[in-house]
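S.K.: I have a structure here, written as structure tokens, and I will follow up with some questions on it.
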Amino acid sequence: MRPELDLISDWIRPGARVLDLGCGDGALLAYLQAQRQVSGYGLEIDTANIVKCIQAGVNVIHADLEAGLADFGDSSFDYVIMTQTLQAVKHTERLLDEMLRVGRQGIVTFPNFGFWRCRMQIALQGFMPVVKTLPYQWYDTPNVHLFTLRDFEELCRRKRIDILQRMVLDHAHRPRPRPELWPNLLGEIALYRLGRA
Amino acid sequence: MPHTFPADSVGLITPQTAHFAEALALDCGRSLTEYDLVYETYGTLNAEHSNAVLICHALSGDHHVAGYHEDAGTRKPGWWDNCIGPGKPIDTREFFVVCCNNLGGCKGSTGPTSINPDNRKPYGPDFPIVTVKDWVRSQARLADRLGIHTWAAVIGGSLGGMQAMQWTITFPERVRHALVIAAAPRLSAQNIAFNEVARQAILSDPDFHHGHYYDFGVVPRRGLMIARMLGHITYLSDEGMRAKFGRELREGRPNFNFDTEFEVESYLRHQGRAFVDRFDANTYLLITKTLDYFDPAADFDQDLAAAFHRAQARFLVVSFTSDWRFAPARSREIVQALVRAGREVSYAEIPSDSGHDAFLMPIPLYHDTLRGYLTRVAHEVNTPAVSAHASPEGHADAA
């Protein structure tokens, strides 16, 4: 995780206000507080994770992302972050809209279903792929939307969302050495910084 | 007689009384020329006087929040003993904990049962109706008396949570952290309706005598008992009651009369009867009005966020899933206003089937939440150079 935290941290302006959707145990926000002196909140639905956030000194608010972000005003955060969450929510498109309503910029990461191993498993074996970034079986996966870099970029184009920066990572969350080389085939995790057009 | 107490208990406690000779102007327009506040403290105030924590009690609570009293041979500890003590979530090795019986109470602080200095008779129904703001102002005087300028934390559940909120608005610079548990930003019409039925039960008791029942040597037992029974129903949840009592018949079969047949009836009657022996009806009436009147947004054009704009404290808000008296949605109103005001806040919704009463229960996730939060508060106030603005960790990283 550490390289990914560094990449995200590099994109964040010091002192920014940040909202982390699905903040888990608060590791990212704690890191950004220490490295970038950010303020803001994490939203999380799991009470055990909420306790961990509080122990880590991270402001965390119990919330169900599927209910939207109605408690938060337009442009009330500099960045809204969603790491490994977009593929696990039901109303993906609405949450993207909400993210860029509440935040001036959005930062998202998700597992790339276009990764070559995924393609091979489906094409040659005929099974739903199980890879390091998508370790679940089809019947117990929390991921309800699986998509590729191209799928995501097509959605951004259609919704007039600006892609400000893109990185492709491997399964250990390390940046790939030559990110422009077939990113949708070689990237295991996608990392985007988004803005409103 | 020697006592042995559990190692994590604050042990034997003697309440203290602070007398205030200067008049206190109240929201109702009247004033108390002089008054007493009875209080308890646990732990030790540190040299900087920065580790004091105020516990605010709810409707039927009092200053005896932890430890044991010598009298009555009772082994019953204070009402939040499971949470306060050495090694407990509100750790008395770290904090100097203060709790007072609020004005209008019946456990030693000046209230309806006290003697009115003007006529040497008990105040009774003539005791002024005090507000949460009045309480906070009286507690601030107690803080002054104890040499506490800033509370490390003000903590309360239910009506106690309302006092914690009011503290951050009335005295923004005197509260570092507010822990608001199972509370609401103001009562709903339904909440007020329950209070009104409770009041009518007391007011219509023939032994009430317009509140002057002390003169007649009686107490409105039936009214106060019904009020408490009603209150108890709202403190429990449907699922909690079902689990605890079900539809169990005490004698296994119906008797076709109005005696106590179901276990839940027996429980409620017991709770009602026990309450009559320890609580005053005029205080009960008064505090239900205090609850009804609480509305910090009213001073700010009905904008709760505007009320919190002046607050400087950081907040922890906690609710319980099965609490329908002050449901999680009411806590979310508080959180939403704090977010809009740009305040620092964490919010945890604790799974529980204990209803409103859950805030008094040692639920592991709940106590972990309090402990996690207060551990950081303790570190903040018990580390030298409390007022340093820069975070020490940040500088260490840069070095």
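The values are calculated or read from the model by the stated rules, or taken from the named source; none is laboratory data. Nothing here was measured: the structure is a model prediction, and the numbers come from that model. Cβ placement follows ideal geometry from the backbone for every residue including glycine, while neighbour counts extend to all protein chains displayed. Keep in mind that these areas ignore ligands, DNA and RNA; they rest on the heavy atoms of the full protein, side chains included. Shrake-Rupley method; radii C 1.70, N 1.55, O 1.52, S 1.80 Å.
S.K.: Using the Kirkwood radius over Cα pairs, work out the Stokes-Einstein diffusion coefficient for the stretch B:102-230 at 4 °C and 1.567 mPa s, in µm²/s as a whole number.
M.R.: 78
S.K.: Only sites in a loop by DSSP and with at most 10 other Cβ atoms within 10 Å count here; which chymotrypsin sites (Phe, Trp or Tyr not before Pro) in the stretch B:201-289 make the cut?
M.R.: Answer in residue order: B:Phe256, B:Phe258.
S.K.: For B:Thr260 and B:Thr14, what does the FRET efficiency come to when R0 = 30 Å and r is the distance between their Cβ atoms, rounded to the nearest 0.05?
M.R.: About 0.15, to the nearest 0.05.
S.K.: In degrees from 0 to 90, rounded to the nearest 10, what is the angle of the helix B:364-382 Cα long axis to the longest principal axis of chain B?
M.R.: The helix B:364-382 is inclined about 40 degrees to chain B.
S.K.: Using Cα pairs under 8 angstrom and six or more residues apart, how large is the relative contact order of the stretch B:304-348, in percent?
M.R.: Over the stretch B:304-348, the number comes to 55 percent.
S.K.: Something else now. Can you compute the modelled spin-label distance between B:His379 and A:Ile122, with each label point 7 Å from Cα toward Cβ, in nm?
M.R.: According to this spin-label approximation, the distance is 4.5 nm.
S.K.: Rounded to whole Å and sorted largest first, list the principal axis extents of the Cα atoms in the stretch A:54-170.
M.R.: Here the Cα extents, ordered largest to smallest, are 48, 36, 24 Å.
S.K.: Any idea what diffusion coefficient chain A gets from Stokes-Einstein, in µm²/s, Kirkwood Rh on alpha carbon pairs, 37 °C, 0.692 mPa s? Mind dumping the intermediate values first?
M.R.: Numbers: Rh = 17.1 Å.
It comes out at roughly 191 µm²/s.
S.K.: While we're here: Over the alpha-carbon set of the stretch B:1-144, work out the extent along each principal axis and list the three values in angstrom, largest first.
M.R.: Result for the stretch B:1-144: principal-axis Cα extents of 47, 37, 23 Å.
S.K.: Next question, about the same structure. Taking a quarter of the surface of the convex hull around the Cα atoms of the stretch A:108-197, what do you get in nm²?
M.R.: 6.2
S.K.: Continuing with the same structure: Rounded to the nearest Å, what's the spacing between the alpha carbon centres of the stretch B:217-264 and the stretch B:47-62? Just the number, please.
M.R.: Result: 33 Å between the Cα centres.
S.K.: Another question, then. Quick one: what do you get for chain B if you divide its Cα Rg by 2.2 N^0.38 Å? Show your work: numbers first, answer last.
M.R.: Values: Rg = 21.5 Å, N = 399, 2.2 N^0.38 = 21.4 Å.
Taking N as the residue count of chain B, the ratio is 1.00.
S.K.: In addition: If the label point is 7 Å along Cα→Cβ of A:Leu164, which residues in the stretch A:58-93 have backbone nitrogen under 18 Å from it?
M.R.: A:74-83
S.K.: Quick one: pull the percentage of alpha-carbon pairs in the stretch A:1-83 with a separation above 23 Å.
M.R.: 15
S.K.: Pop out a list of residues from the stretch B:314-340 that are at least 40 Å² less accessible with all the protein chains around than in their chain alone; 1.4 Å probe, no ligands or nucleic acids counted.
M.R.: B:Gln336, B:Val339
S.K.: Could you compute the net charge surrounding B:Asn102? Neighbours are other residues with a C-beta less than 11 Å from the C-beta of B:Asn102; K and R count +1, D and E count -1.
M.R.: -1
S.K.: With a cut-off of 8 Å between alpha carbons and a minimum separation of six or more residues, what is the relative contact order of chain A in percent?
M.R.: 19
S.K.: Which value, in Å to one decimal place, does the Kirkwood hydrodynamic radius take for the protein assembly as shown when every pair of different Cα atoms is included?
M.R.: The Cα-based Kirkwood calculation yields 26.7 Å.
S.K.: Tell me the angle of helix B:221-235 to the major Cα principal axis of chain B, expressed in degrees between 0 and 90 and rounded to the nearest ten.
M.R.: The two axes meet at around 50 degrees.
S.K.: Any idea what % of Cα-Cα pairs in the stretch B:205-260 are farther than 14 Å?
M.R.: Beyond 14 Å sits 70 percent of the P(r) for the stretch B:205-260.
S.K.: Can you run phi through the Karplus equation (6.51, -1.76, 1.60; θ = phi - 60°) for the stretch B:300-305 and list ³J(HN,Hα) in whole Hz, with x for Gly and Pro?
M.R.: In residue order, the calculated couplings are 10, 6, 6, 10, 5, 4 Hz.
S.K.: At 37 °C and a viscosity of 0.692 mPa s, what translational diffusion coefficient does Stokes-Einstein give for the stretch B:232-279, taking Rh as the Kirkwood radius over Cα pairs? Give it in µm²/s as a whole number.
M.R.: The Stokes-Einstein estimate is 279 µm²/s.
S.K.: Past 26 Å, Cα to Cα: identify those pairs from B:Lys76/B:Lys244; A:Lys90/A:Lys132; B:Lys76/B:Lys133; B:Lys88/B:Lys133, in the order given.
M.R.: B:Lys76/B:Lys133; B:Lys88/B:Lys133
S.K.: How much of the accessible area of the protein assembly as shown, probe 1.4 Å, is carbon plus sulfur, in whole percent?
M.R.: 53
S.K.: While we're looking at this one, here's another question. So what are the three principal axis dimensions of the stretch B:213-361 from its Cα atoms, in whole Å, longest to shortest?
M.R.: Ordered largest first, the stretch B:213-361 gives principal extents of 60, 44, 22 Å.
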